[in-house]
1. As an exercise: evaluate A:G320 against (1) in a loop (DSSP other than H, G, I, E, B); (2) within 12 Å of the chain's Cα centre (by Cα) and give the number of the one condition it does not meet.
2. Check off (1) under 29 Å from B:Q35 (Cβ atoms); (2) within 14 Å of chain B (Cβ to nearest Cβ); (3) touching a residue at least 24 places away in the same chain (Cβ under 8 Å) for A:A187 and give me the number that stays unchecked.
3. Scan (1) in contact (Cβ under 8 Å) with a residue 24 or more places away in the chain; (2) over 21 Å from A:K238 (Cβ atoms) for the single condition A:I290 breaks and write down its number.
4. Could you give me the residue pairs with C-beta distances under 7 Å whose first residue belongs to segment A:556-582 and is farther than 16 Å from A:Y410 by Cα, whose second residue is assigned to a helix (DSSP H, G or I) and among the basic types (K, R) wherever it lies, and which are 6+ apart or on separate chains?
5. Only one residue in A:T375, A:T402 is closer than 29 Å to A:S513 by Cβ and modelled with pLDDT of 95 or more, so which one is that?
6. Among the helices (runs of 4 or more DSSP H) contained in segment A:491-595, which hold 1 or more residues that are under 27 Å from A:V358 (Cβ atoms)?
7. So if I check each of A:T205, A:T297, A:T235, which one is more than 14 Å from chain B (Cβ to nearest Cβ), crowded, with 16+ Cβ neighbours inside 10 Å and of a type in the set (S, T, Y)?
8. Taking segment A:307-344 as the region of interest, how many residues are of a type in the set (G, A, S), touching a Lys or Arg at 6+ places or on another chain (Cβ under 9 Å) and at pLDDT below 90?
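The values are calculated or read from the model by the stated rules, or taken from the named source; none is laboratory data. Just so we're clear, the structure is a prediction, and the values are computed from it rather than from any experiment. Heads up, the Cβs are rebuilt from the backbone with ideal geometry, glycines too, and the neighbour counts pull from every protein chain shown.
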Amino acid sequence: MKRIALLGMPNTGKSTFFNRLTGARARVGNWPGITVDLMTAKTLLGADWAQVVDLPGIYSFHGFSEDEKVVRDFLEKNAVDLVVVILNATQIDRQLPLALQIRKLGLPAVIVLNMADESRQLGMRIDTAKLTESLGYPVAMVSAKYGMGFNEARQTIGFALQAPHPTAEVGLERVFSEDHEIESDTARILDAAVDLPRQMPKRHTVRLDRWLLHPWLGLPLFFLFMFLLFQFIFTLGKPLQDGVAWVLTEVRDRGLEPWMADWPPLLSGLLLDGIYNGVGTVASFVPIIILFFLVMTLVEDSGYLSRVAFLMDALMARLGLDGRSFVMLLMGFGCNVPALMGTRVMRSRPLRLLTMLVVPFSLCSARLQVFLFMTAALFSAQAAPVVLFSLYLLSFLTALLTALLFKGRYVSTEPFVIELPPYRLPTWRQVALRGWHEVRHFLRRASKFITAGVVAVWLLTHLPTDVPPNSAETLAGQIAGWLEPVLTPIGIDAQLSLALIFGFVAKEIVVGSLAAIYGLEGDALMGLMAQKLDWVQAYSFMLFTLIYIPCLSTIATLRQESRSLGFTLMSVLWSLILAWLSCFAFYQAARALGY
Amino acid sequence: MTPDLSLLHEGESAVIQSIEADEALHHRLQALGFQTGKPVQVVRMGRFSGPLQIRIGMTDVIMRRSDAAKIKVGPRL
């Protein structure tokens, strides 16, 4: 099968093009010579299947960032039949050198000028025939977002793939000593084929930035947006969540229970009280999580995050971080794993490590499930949003405190230079794809961790069979007994401590395991929690859940990205210490005050 | 002393005279369009000594003042 590599700078719509080209049937693959996973997908081009690889966005082959190294290593170790170079048409003046670097390497290529719609709006005129002639590569103009020109581009790529190419080994050492040559070539080609407007027309971006980057209003507006998005998610998500919970209870009461009535109690107990309740309770949060990611997608694709980096950099600089670190914290609200991988754009190792140390404190969507559950059970409808908001605030504070304490160890002189893309509205298609991606992600985690975790919890609380379930004589009771001296001072009882142990694997298991421990789900489970705990214990439990290490996937990612076991262990240990100290301070203070 | 980009005020433009950065930053700036002889504009300055918003050609870039200081410019346009 022929292999196509997609190459381009960040913010060129490369991934959108990839999704259009392959119909988003992408999977993650391992490649020789590189340590990170790349998205690949098969697609039918003309009569042949081709494998398309989405390379990370890079500015040039010279670069020293992790991503640039990945691209160089990939092209050195893997033969490609065609490189599709995606350039942002509105920035052709500075993106063309990347295409010329590919030409210098002697790789067969097709040039795709994306964002044709925007370049036209800007009054740019690009003569693709002249560009093809002077570059020696076929050139296609598209709008990957709206699909304009897409079929032609597809044909061009298919056609170029048919032409016989010698797939020579790429020797990147010999590359680009002649920078000035590329510079003069760029100037010559632009002169011949591109008509740039003399002045950038005033666009909505300029008008929006006047408010969103306003010296005094910028930050308040950011916090206001966060708050409104948050409100939007929960106002819309709560009825959906209740709906799913209702369906799950109905299925159990009317379908599963009568059907399993004659089964051996241990088996039906495991299946119903263990797996069904556990996985079901977690599943009822999926609508909120999907909404959450849809909103994240909107914010991410809009170009606003670069503005946030601008607004926050002054504060972050004083903590030894930079504006991008703050953006990673925001991304971590979705899931810490991609946020940790996102630190690859940082070239300086100390800065990267310090950012990786703070990202796990970001309140991810899995922890959000635990908090939604506990606040719904223990707090009034009026108090619940305030409690949630306080946890988000604490998430930032613990991250900032950690940076402040460790910045002396990780001193960086990395320059902070990033692009400010124009604002863009994502299409429904992009948003829908992301939503679907999250559902799949949940189902995968459900089949992997959540079910296994819930089964383990149920077994621990029900074995051996000759003692009463959930008593101190069960395996779970014994484990909880060992932990008692540590966890009693912070108000966490035996059942909760077991949930915390399994929270190590994945936070989704915390709620699932509570359901399995008590053999209840939904409202009944919440009612029981409200009987057993007071709000001080519940808040202490949430505080611990927030701060102690997020999950196995995050630990594995920390290890992989830092390539240091020592760093990973330190991060885990620090989060445990900080979690315990915070809970101890909170719990003892609240009790001393008479709550 | 040659003036540098960090000394310009909000809204002012000047032509790049030279870029005195290490190799890595030099390449990055070049990839973003910073080249000797090109005009740059300081669009916006962040509060509390925050970063600058710089316009070069069709591209907007944000950078810290310490990095902007490495870009030497001619007289204000």
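1. (2)
2. A:A187 satisfies every listed condition except (3).
3. The one condition A:I290 does not meet is (2).
4. A:L565/A:R559
5. So the residue among A:T375, A:T402 that is closer than 29 Å to A:S513 by Cβ and modelled with pLDDT of 95 or more is A:T402.
6. A:494-503, A:508-518, A:535-547, A:552-562, A:565-592
7. Sole residue among the options that is more than 14 Å from chain B (Cβ to nearest Cβ), crowded, with 16+ Cβ neighbours inside 10 Å and of a type in the set (S, T, Y): A:T297.
8. 1
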